[in-house]
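What follows is a single structure, written as structure tokens, with notes after it.
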Amino acid sequence: MAQPLKWALVGLVPTLALGCAETTKSPALPETAGTIAFAISETPRNPVQVSTTGYGDYLAALIAGNRNDLSSAADYMQRALGYDPDNPALVRRTFHLLAADGRLAEARVLARQVIESNPEESVANLVLAVEQIEQGEINGAAERLEGLPKRGLDTVMVPLVHSWLLQGQGELDEAVASLEPLRKRDGLSLLADMHTALMYDQAGEPAQAKPSYVKALGDGTRSSLRLTRLAANFYLRNGEPEAAQALFDQARGADEGSSLLEAMAAQDAGQSDSPRPVIRDHKDGAAEVLFNLAGLLSQERAEDVALIYTHQALSLRPDFEMARMLLGEILERKGRDEQAIAAYRLIEPASPLAWVARLRISEALERLERTDDAIRELEIMAAERPDSFEPLYRVGGLLRSQERFGEAVDVYDRAVERLGEPAQRHWSLLYFRGIALERSGDWARAEQDFLKALELQPEQPYVMNYLAYSWVEKKLNLEEAERMLIRAVELRPNDGFIVDSLGWVYFQLGEYDKAVTNLERAVELRPQDPVINDHLGDAFWRVGRRQEARFQWRRSLSLDPEEDLVSVIEAKIDEGLEADPENI
């Protein structure tokens, strides 16, 4: 039977990074990973000739890169480069690795070498343009970017960053006009409208900013947390708190998203006189562009390039905490949890993002098998917010995943106490407590929780599956279990565990042909599950397919079933099933 729905937070990226929701069409990136991403591994089409003395380090860099260990890959590639410092291809690869790892001082040195051999190299020019922007060399940065060929991602990045450089020179009208070509391209008008609003806003022109915010927001279906945050901040600063609240209300849905927005709103409202603008100057605006594009690249799984863009955004704006969240999320996706934790730890404790970051840290600690550290982090959070059930909910999940069911029940009880009257969104808390109770042997309380979860979330397929399967195992309410499982399979026809549950209820009802049909389908969907294979063996035996039954039982044994099942299955292989009492 399934262990359904491991609880996870709703991802902040891409919804944080761009002014578009994940479910809507993303702005079109003309060329992303295929043209501007760099190959970490050796490819026949793009070989690098490396000196013999440095080849071991070069191979080590490739292996580290393929394991997503960019820091080690950069170190090894630097050592290989030391043996062959004038090798243009090796310089370029080392540069890209350093830039993706956020080692910008070292990357900038190599960027100059890259441009010596290839003046039009996009990423190297971007890195140096960011350095010029930081140093106040706006004209130099603009000239550098304008000199890039209009291809690939540069057809989006260059006009957006250049518009903010014009803004920094006081050329507001020219800055806005420079975005006009983007409005004519599929999927990019949203970015143009968003940055037009930000430029008018930053320039102190609210009457012109507001229509662009409204246009970017549209009907609200494509709005992201980031765009909602920017527009709400504008409304709060311009005496329209009701409009800001309406945006927050519309954005509610994901618990993390709504709580994050509310924390940001509280922070804005708590500032003296008026909230501070999110975008303070042209550097912040350019950082916003790079952040937006990094989110798109991450969404398209061009993650190494997304890392480069994110680090450049943070270089322009070191206090850009949403960019730091994006950095942490990309690192998590690449399996670099220690680095992700380090990124999240840099978020200021007073930031509205700090709570979400700490939840992410607890998840990373769990993946690192540092369960006690994760629980300690969450218990501290639970003590800090006595009205919040979520940290305890997560502790319960950690304990349950380790099969510490009694402890999980105690923690879930504490979480439920914080709820008052459970709302619809709390169904999963009751469901998971029900699982812990059932596995602890307290069926009476478990059944109550499953029924309450279904009251809050009618026809939730995983709850129906667990409850109905438990009834079947206990030979209770078999007709109701059948009804529930038929509906659960209708809702989740490709879930092998739910299909298995339906097959097993037919077995218990003595409808063996139906049991075989469903259990064969369940094995197709979950061929490596020992319990499902065991069930199919039982059903085969009852319909007279004895040889196939023993084959399924032997297969079940090969799939490492739980210890208490091993002797049962071995006995069935030797002796078969007892006679069906219904047919004696």
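The values are calculated or read from the model by the stated rules, or taken from the named source; none is laboratory data. Quantities reported herein were computed from a predicted structural model and do not represent experimental measurements. Using ideal geometry, Cβ is built from the backbone for each residue, glycine included, and neighbour counts are taken over all protein chains shown. Ligands, DNA and RNA are excluded from the accessible area calculation, which covers all protein heavy atoms including side chains. Shrake-Rupley method; radii C 1.70, N 1.55, O 1.52, S 1.80 Å.
Once you put a point 7 Å from the Cα of ARG370 and another 7 Å from the Cα of LYS474, both along the Cβ direction, what distance in nm separates them? Each label point is offset 7 Å from its Cα along the Cβ direction, giving 4.1 nm.
For the range 411-425, the residues whose backbone nitrogen is under 19 Å from a point 7 Å from the Cα of ALA444, taken along Cα to Cβ, are 413. Annotation note: trypsin sites (Lys or Arg not before Pro) in the range 277-344 located in DSSP loop regions with a Cβ neighbour count of at most 13 within 10 Å are ARG280, ARG301.
Axis of helix 371-384 versus longest Cα principal axis of the chain: the two differ by about 70°, to the nearest ten degrees. Helices in the chain, meaning DSSP H runs of at least 4 residues, each add -39500 (n - 2.57). Divided by all residues, the mean residue ellipticity at 222 nm is -21500 deg cm²/dmol. Here the extension length gained between GLU455 and ARG414 equals 12.6 nm, from 0.36 nm per residue of separation less the Cα-Cα distance. Here the Karplus relation 6.51 cos²θ - 1.76 cosθ + 1.60, evaluated at θ = phi - 60°, turns the backbone of the range 315-323 into coupling constants of 5, 6, 9, x, 8, 7, 6, 5, 5 Hz, with x for every Gly and Pro. Placing a pseudo-label 7 Å from each Cα along the Cα-to-Cβ vector at ALA350 and GLU520 gives an inter-label distance of 6.8 nm. Taking the centroid of alpha carbons for each part, the range 398-423 and the range 77-150 are 52 Å apart. Angle between the Cα long axis of helix 546-558 and the longest principal axis of the chain, 0 to 90 degrees, nearest 10? The two axes meet at around 50 degrees. Between the alpha-carbon centres of the range 459-496 and the range 337-351 there is a gap of 42 Å.
Counting lysine pairs in the chain whose alpha carbons fall under 18 angstrom apart, excluding pairs fewer than 8 residues apart on the same chain, gives 5.
Estimated from the Cβ-Cβ distance and a Förster radius of 60 angstrom, the FRET efficiency linking ARG185 and VAL568 is about 0.40. Computed from the C-alpha gyration tensor, the three semi-axes of the ellipsoid equivalent to the range 67-186 are 31, 15, 13 Å, from longest to shortest.
Computed with a 1.4 Å probe over protein heavy atoms only, the accessible surface of the chain comes to 43 Å² per residue.
Projecting the Cα positions of MET194, GLY140, HIS162 onto the charge dipole of the range 88-226 (unit charges on Cβ atoms of Lys, Arg, Asp and Glu, taken about the Cα centre) puts MET194 furthest along the positive direction. Given 10 °C and 1.306 mPa s, compute D for the range 465-584 with the Stokes-Einstein relation, Rh being the Kirkwood radius over Cα pairs; round to the nearest whole µm²/s. Stokes-Einstein gives a translational diffusion coefficient of 112 µm²/s. Compute the acute angle (0 to 90°) between the alpha-carbon long axis of helix 189-202 and the principal axis of greatest extent of the alpha-carbon atoms of the chain; round to the nearest 10°. Helix 189-202 sits roughly 60 degrees off the main axis of the chain.
The structure-derived value of mean projected area of the Cα convex hull in nm² appears in the list [x] 39.1; [y] 31.6; [z] 30.1 under the label [y]. For the pair ALA246 and ARG483 in one chain, pulling the backbone fully straight at 0.36 nm per residue adds 81.1 nm over the alpha carbon distance. Distance between the pseudo-spin-label points of LYS215 and GLU171 (7 Å out from Cα toward the beta carbon): 2.1 nm.
Accessible surface of the chain, 1.4 Å probe: 48 percent of it comes from carbon and sulfur atoms. At an R0 of 56 angstrom, the distance between the Cβ atoms of ALA89 and GLN424 translates into a FRET efficiency of 0.45.
Are there any trypsin sites (Lys or Arg not before Pro) in the range 131-193 that are in a DSSP loop and have at most 16 other Cβ atoms within 10 Å? List them by number. Here the sparse-neighbourhood loop sites are LYS150, ARG151, LYS184, ARG185.
Taking all protein chains as they are arranged and a probe of 1.4 Å, the heavy atoms of SER71 leave approximately 30 Å² accessible to solvent. Treating r as the C-beta distance of ALA203 and ALA383 and R0 as 51 Å, the FRET efficiency rounds to 0.65. In order along the range 506-514, phi translates into HN-Hα couplings of 5, 4, 5, 7, x, 9, 6, 5, 5 Hz, rounded to whole numbers, per the Karplus curve 6.51 cos²θ - 1.76 cosθ + 1.60 with θ = phi - 60° and x for Gly and Pro.
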